[in-house]
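Everything on this sheet refers to the single structure shown next.
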Amino acid sequence: MFTLEVCANSVESAINAQKGGANRIELCENLYVGGTTPSFGCIAETLNQLAIPVNVLIRPRPGDFVYTGMEFRQMLRDVEICKKLGAKGIVSGILKANGTLDKERTTELVWAAKPLTFTFHRAFDIMPEPLKAFEDIMSCGCNFLLTSGQKSKAIDGAGLIRQLITIGGSKITLIAGGGINHNNILELAQLGVTQFHMSGSEIVARYNANHTGLSFTADLLPENTIQITNAETIANTMAKLKQYFNKK
């Protein structure tokens, strides 16, 4: 009836998501900068530990989604390794400098990923002319689109998300993601969303202090902390979704 996909930034986060009852994982690293491709060790160990499907983000660096030829070759190599390791899906996408879809290279990624599923990620949320962008993404053969409806939070972009669900029909599945938590997820469910994406994460201090005050990440994530998915948060969210969908 529904799918809760958890964006996990480590093996530990993925394990916590599964403990909480998540249906699927999108595995990445460096979630605090929007996520990048996880290490192969992270992918292999996550797949070794989990029984639920794991999709892997292929994004070679933070920043824009316009990639050089060298970066594109890196992405293709990453896809091949993910296939060999046993991932269930790839999450990626490429834009042109004007913000429109790079259809040729995105299609190449989709075909390189087969028989794995392919999710076009939230690069869609910064593209011009969203309805045309959506048609272009579908024409590349993508199975899923992850989107916040071109707003910071999916609940604010729900109107566009609903429109895309209708247009996409059986050709592509919409996943709502962006600012989703256990407090607002049912608002999206009530609007017809059935696929949800969240991290359910929190910032946790693993030791008492940063003794020198030196920062390696421009204060995006203090050096005495980690960002990690909370199993209880995922469990609470799953309970709400099950209760809602069981009543339908």
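The values are calculated or read from the model by the stated rules, or taken from the named source; none is laboratory data. The shown structure was predicted, so the numbers you read here are calculated from the model rather than taken from an experiment. Ideal geometry is used to build each Cβ from the backbone, glycine not excepted, and the neighbour counts take in all protein chains shown.
The combined condition, being among the hydroxyl-bearing types (Ser, Thr, Tyr) and in a helix (DSSP H, G or I), is fulfilled by Thr106. Taking the criterion of being crowded, with 16+ Cβ neighbours inside 10 Å and either touching an Asp or Glu at 6+ places or on another chain (Cβ under 6 Å) or not β-branched (Val, Ile, Thr) (or both), the residues of the range 122-137 that qualify are Arg122, Ala123, Phe124, Asp125, Met127, Pro130, Ala133, Phe134, Asp136.
Applying the condition of being in a helix (DSSP H, G or I) and among the β-branched types (Val, Ile, Thr) to the range 40-84 and asking which residue is farthest from the chain's Cα centre (by Cα) yields Ile81.
Of all residues in the range 1-18, those satisfying the criterion of being assigned to a loop (DSSP other than H, G, I, E, B) and under 16 Å from Ile203 (Cα atoms) are Asn9, Ser10.
Of the residues Thr46, Thr36, Thr3, only one is surrounded by fewer than 23 Cβ atoms within 10 Å (Cβ to Cβ), over 17 Å from Arg61 (Cα atoms), hydroxyl-bearing (Ser, Thr, Tyr) and in contact (Cβ under 8 Å) with a residue 24 or more places away in the chain; which? The conditions single out Thr3. Where helices (runs of 4 or more DSSP H) fall wholly inside the range 133-248, the ranges with 1 or more residues that are touching a Pro at 6+ places or on another chain (Cβ under 7 Å) and closer than 29 Å to Leu101 by Cβ are 158-168. Candidates are the residues of the range 20-39 that are more than 24 Å from Asn143 (Cβ to Cβ) and at pLDDT 95 or above; the one that is farthest from the chain's Cα centre (by Cα) is Gly20. When Ala112, Ala158, Ala123 are checked against the criterion of being under 17 Å from Gly34 (Cα atoms) and among the small types (Gly, Ala, Ser), Ala123 stands alone in meeting it. For the condition buried (at least 19 other Cβ atoms within 10 Å of the Cβ), touching a Gly at 6+ places or on another chain (Cβ under 8 Å), over 22 Å from Val79 (Cβ atoms) and not polar (S, T, N, Q), Gly178 qualifies.
Only one residue in Ala44, Ala17, Ala87 is within 28 Å of Tyr244 (Cα to Cα), small (Gly, Ala, Ser) and at pLDDT 95 or above. Which one? Matching residue, one of Ala44, Ala17, Ala87: Ala17.
Annotation note: Cβ proximity below 6 Å between a residue of the range 104-123 that is closer than 18 Å to Cys28 by Cα and in contact (Cβ under 8 Å) with a residue 24 or more places away in the chain and a residue that is outside any strand (DSSP E or B) and among the β-branched types (Val, Ile, Thr) (sequence gap 6+ or interchain) occurs for Ala113/Val79; Phe118/Val110; Phe120/Ile137.
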